[in-house]
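Chemist: The structure's right below; bear with me while I get my questions together.
The values are calculated or read from the model by the stated rules, or taken from the named source; none is laboratory data. The shown structure was predicted, so the numbers you read here are calculated from the model rather than taken from an experiment. Don't worry about glycine lacking a Cβ; one is built from the backbone with ideal geometry, like all the others, and counts go over all protein chains shown.
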Amino acid sequence: MTTESRFWLLRDARAAHKQGTGAIARRQRDRLADMVAFARAHSPYYCEHYRTLPDRVTDPALLPVTSKAELMPRFDEWVTDPAVTLAAVRAFVEDPALIGEKFLGRYTVSTTSGTTGTPGIFLADQRVLAVTAAVGARTLSSWLTATDVALIVARGARIAMVIATGGHFASATAAAALRKNRLRRNRIGVFGVHTPMPELVEALNAFRPTILAPYASMGALLATEQQAGRLHIDPALVVLSAEGLPAGEYSRIATAFGAKVRHSYAANECPFLSQSCQHGWLHVNSDWAILEAVDADHQPVPPGQRSHTALLTNLANRTQPILRYDLGDAVLLRPDPCPCGDPLPAIQVQGRTADLLTFPTRSGEPVTIAPLAISLAIERLPGVELFQIVHTASTSLSIRLQPTPGADPERVWQTAHAEITRLLTDHKLDHVTVTRADEPPQQTSGGKYRTVLPLS
């Protein structure tokens, strides 16, 4: 739509927030109706599944529930761009020379490791990226006061992103784009999550960020380095992403850096889903996303009650429509208005807590690795459908592997073993043994596959 320029999206996002719950609900209904109509017209999968629905749908409860396990086998019928095929996207993802590039020159690609049993491949089109930018700008304006902004500018306005920079395509594409942008090159630093901690600390000390944006578990590790005096940076804001942390960790990180700490809950299926407020609640960007808390039969649960799962509807992605999609995460919807005053619905996510892996060096000093750093080392490898990394003893890891159909299991294992061994060696843990488990990855009682299982 010609009206949906980046400027229009930014202005509309701010207007919706200012106008309150009624304006947000109206946008949600209209965008849902438009998305359902578009999906029916351009996706063979949705055309089939929505054939008995009313002409205009403004209530998500009328839509059948979808899931990754159902959609991925029908990928070519699911997407609305005929040029996008599963075979072509897989070939793109598995080509190391294309890391940091966009698929077909216009789509950012991300993959999941399959915590619900089915690996996923997701495309973000230009509309998704534009909405993400607009919602992100709105979020920053709610997080930062005029005093905060002045402080950030006075300290140099440098942002340090500690992310996956190779093989994980969404992050790699972002990193590559930032490096190519001459105006931002000296203002935005991109640091690899796999970097050994001493090297990362040295690099961050030299860069001196005013905003620190790491994965949550890496943020916890950097806070420990700051408390120990090895890291000495002075950010005004720390923005945590990906995994969740135990409640006390957020205040510890804030104390360590003397900074505001905020975090987000999102997914590859919807990168702009929510962000936290000063009271620790996550606010769903419900003008562009719908998140339903439901029981095991996909019936709504009342506010204040923990759900069995959550159904996600992304109102921005027209290339790969995500409509009433079972995320598999248990959430709790706040039953009363959040004291922060934000009109967006507030939730808590039950789960997604990061587990750090700690090993002794040969000299006995502890070395801690973020779970994402070690799981991404395998997730990005071709031929891996499911995996679990199990910390079985202080200096032992066991890897449970499920190769993709048609892949050579021995070759997949050798590649995974070499990658994990390299990562451990980079962290001076070459004495840690890595063995192949006889059993396949195991589900939790909630039906998910945790990719990293720490030492009990």
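Chemist: Kindly list, by first and then second residue, each pair from a residue in the range 10-25 that is under 12 Å from W288 (Cβ atoms) to a residue that is of a type in the set (S, T, N, Q) and modelled with pLDDT under 95, limited to pairs with Cβ atoms under 8 Å and residues at least 6 apart or on different chains.
Modeler: Pairs found: H17/S142.
Chemist: Are any of the residues in the range 381-394 in contact with a His (Cβ under 8 Å, 6 or more places away or on another chain), among the hydrophobic types (A, V, I, L, M, F, W, C) and not in a helix (DSSP H, G or I)?
Modeler: No, that holds for no residue.
Chemist: Could you list, in sequence order, the residues of the range 323-354 that are outside any loop (DSSP other than H, G, I, E, B) and within 12 Å of V65 (Cβ to Cβ)?
Modeler: Y325, D326
Chemist: Let me ask another. List every residue pair whose Cβ atoms sit under 6 Å apart, with the two residues 6 or more apart in sequence or on different chains, where the first one lies in the range 426-438 and is touching a residue at least 60 places away in the same chain (Cβ under 8 Å) and more than 13 Å from I389 (Cβ to Cβ) and the second, anywhere, is of a type outside the set (S, T, N, Q) and part of a loop (DSSP other than H, G, I, E, B).
Modeler: Within 6 Å, the pairs are D426/P196; H427/P196; H431/R362.
Chemist: List the number of the failed condition for Q275; all other conditions in (1) under 18 Å from the mean Cα position of the chain (by Cα); (2) among the polar types (S, T, N, Q); (3) more than 30 Å from P64 (Cα to Cα) hold.
Modeler: That leaves (3) as the condition not met.
Chemist: Can you go through A289, A296, A330, A316 and tell me which one is among the small types (G, A, S), within 18 Å of Y265 (Cα to Cα) and surrounded by fewer than 23 Cβ atoms within 10 Å (Cβ to Cβ)?
Modeler: Answer to the check: A330.
Chemist: Taking the range 219-246, which residues are touching an Asp or Glu at 6+ places or on another chain (Cβ under 6 Å), buried (at least 23 other Cβ atoms within 10 Å of the Cβ) and within 26 Å of E365 (Cβ to Cβ)?
Modeler: A220 - this is the single residue of the range 219-246 that is touching an Asp or Glu at 6+ places or on another chain (Cβ under 6 Å), buried (at least 23 other Cβ atoms within 10 Å of the Cβ) and within 26 Å of E365 (Cβ to Cβ).
Chemist: Now a separate question. Out of the residues in the range 212-250 that are over 15 Å from the mean Cα position of the chain (by Cα) and assigned to a strand (DSSP E or B), state the one that is farthest from R450 (Cα to Cα).
Modeler: So, considering only residues that are over 15 Å from the mean Cα position of the chain (by Cα) and assigned to a strand (DSSP E or B), the one farthest from R450 (Cα to Cα) is L237.
Chemist: Just give me the residues in the range 363-390 being over 19 Å from the mean Cα position of the chain (by Cα), buried (at least 19 other Cβ atoms within 10 Å of the Cβ) and closer than 19 Å to Y215 by Cβ, in sequence order.
Modeler: Passing the criteria: only I389.
Chemist: Okay, next question. When the residues of the range 251-268 are narrowed to those that are part of a loop (DSSP other than H, G, I, E, B) and out of contact with any Leu (no Cβ under 9 Å at 6 or more places or on another chain), which ends up farthest from R138 (Cα to Cα)?
Modeler: The residue in question is G258.
Chemist: Any idea which residue in the range 418-433 is surrounded by the fewest Cβ atoms within 10 Å (Cβ to Cβ), counting only those that are of a type in the set (D, E) and either under 14 Å from I399 (Cα atoms) or under 26 Å from the mean Cα position of the chain (by Cα) (or both)?
Modeler: D426
Chemist: I'm trying to understand the selection: among the residues of the range 395-405, which are of a type outside the set (A, V, I, L, M) and part of a strand (DSSP E or B)?
Modeler: Listed by number, the residues that qualify are S396, S398, R400, Q402, P403.
Chemist: Let me ask something additional. Would you pick out the residues in the range 92-123 that are at pLDDT 85 or above and within 14 Å of the chain's Cα centre (by Cα)?
Modeler: If the condition is that a residue be at pLDDT 85 or above and within 14 Å of the chain's Cα centre (by Cα), then T108, V109, S110, G120, I121, F122, L123 are the ones that fit.
Chemist: Checking A206 against (1) modelled with pLDDT under 95; (2) surrounded by fewer than 19 Cβ atoms within 10 Å (Cβ to Cβ); (3) among the aliphatic types (A, V, I, L, M): exactly one of these is not met. Which one?
Modeler: A206 satisfies all of (1) modelled with pLDDT under 95; (2) surrounded by fewer than 19 Cβ atoms within 10 Å (Cβ to Cβ); (3) among the aliphatic types (A, V, I, L, M) except (1).
Chemist: Tell me which residues, restricted to the range 391-417, are buried (at least 18 other Cβ atoms within 10 Å of the Cβ) and of a type in the set (S, T, Y).
Modeler: The one that is buried (at least 18 other Cβ atoms within 10 Å of the Cβ) and of a type in the set (S, T, Y): S398.
Chemist: How many residues does the range 292-318 hold that are over 16 Å from K68 (Cβ atoms) and under 19 Å from the mean Cα position of the chain (by Cα)?
Modeler: Of the residues in the range 292-318, 3 are over 16 Å from K68 (Cβ atoms) and under 19 Å from the mean Cα position of the chain (by Cα).
Chemist: Could you grab me the full set of residues in the range 406-441 that are part of a loop (DSSP other than H, G, I, E, B) and either small (G, A, S) or at pLDDT below 90 (or both)?
Modeler: Correct list: G406, A407, A437.
Chemist: Which ones in the range 188-207 are in a loop (DSSP other than H, G, I, E, B) and not aliphatic (A, V, I, L, M)?
Modeler: Within the range 188-207, H194, T195, P196 qualify.
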